[in-house]
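Pasting in a structure now, in structure tokens, and then I'll have a few things to ask.
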């Protein structure tokens, strides 16, 4: 079990996971039980995780610097989205599966992004991890419909959870997106993590990304 993080907390990946190369960012949540007509006519709940690759000024330079379900791999090959969960139902990701004969803790990540840190281009100084509800306005959905949401960072090579941030349901209940965390370079080229945990009201990932253009 990694360190349990709080909003605004920072930590060094070098200190917490020496020699880290492959960093897995996992997003998980559960849908709150629905009753009556809401249960019968409920829509799929599609909460998407994405990474914005920002320069030193905190700006996007290219549209391909947004890695999401529609652009699964960054041109550098350093960042890969491992697939879009369209319904909110549980799936067990292949990326963290162990050998069948080993006893393992069930992983409830709905979506994951893999970052190979040494391959991230030098012009990219910050990796902003965000999430938003697909077609939130059309489906009349917000983050008040989910519970037990979290983001976790995993050293994939050693199958070790580095850190986890649990999102308070009350802090996001009226929002449709989240700015989760920022992974940024320090002066010595080492990577630092800051937990942001900020809710936003956006209609799409494009609207969120435009704030960094």
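Taking 0.36 nm per intervening residue step and subtracting the Cα-Cα distance, what contour gain separates residue 4 from residue 187 on full extension? Show your work: numbers first, answer last.
Working: separation 183, 0.36 × 183 = 65.88 nm, distance 2.58 nm.
Going from the current span to full extension adds 63.3 nm.
Starting from the Cα-Cα distance between residue 12 and residue 171, subtract it from 0.36 nm times their residue separation and give me the gain in nm to one decimal. Walk me through the numbers before you get to the answer.
Working: separation 159, 0.36 × 159 = 57.24 nm, distance 2.59 nm.
Result: 54.6 nm gained on full extension.
Within segment 179-195, find all residues whose amide N lies under 20 Å from a label point positioned 7 Å from the Cα of residue 119 along Cα-to-beta-carbon.
From segment 179-195, the list is 183-185, 190-192.
Can you tell me the order of 22-28, 157-163, 47-53 when each peptide is scored by its average per-residue count of other Cβ atoms within 10 angstrom, highest first? Could you put the intermediate results ahead of the total?
Details: 22-28: 22.3, 157-163: 16.1, 47-53: 24.7.
The packing order, highest mean first, is 47-53, 22-28, 157-163.
How would you classify segment 138-213 from its alpha-carbon gyration tensor, with a ≥ b ≥ c the square roots of the eigenvalues: rounded for a/c under 1.5, else prolate if a/b is greater than b/c, otherwise oblate?
oblate
Which of the peptides 108-116, 205-213 is most tightly packed, and how do the rest follow, going by the mean number of other Cβ atoms within 10 Å of each residue?
Taking the mean over residues of other Cβ atoms within 10 Å, the ranking is 108-116, 205-213.
What order, most packed first, do the peptides 61-72, 7-18, 176-187 have when packing is the mean number of other Cβ atoms within 10 Å of each residue?
Highest mean packing first, the order is 176-187, 61-72, 7-18.
How far is it, in nm, from the label point at residue 32 to the one at residue 194 when both lie 7 Å from their Cα along the line to the Cβ?
For residue 32 paired with residue 194, the spin-label model returns 3.1 nm.
Bear in mind that the values in this text are calculations on the coordinates, not laboratory data. Everything quoted here is computed from the prediction, not taken from an experiment. Positions of Cβ are generated from backbone atoms using ideal geometry, with glycine treated the same way; all protein chains shown enter the neighbour counts.
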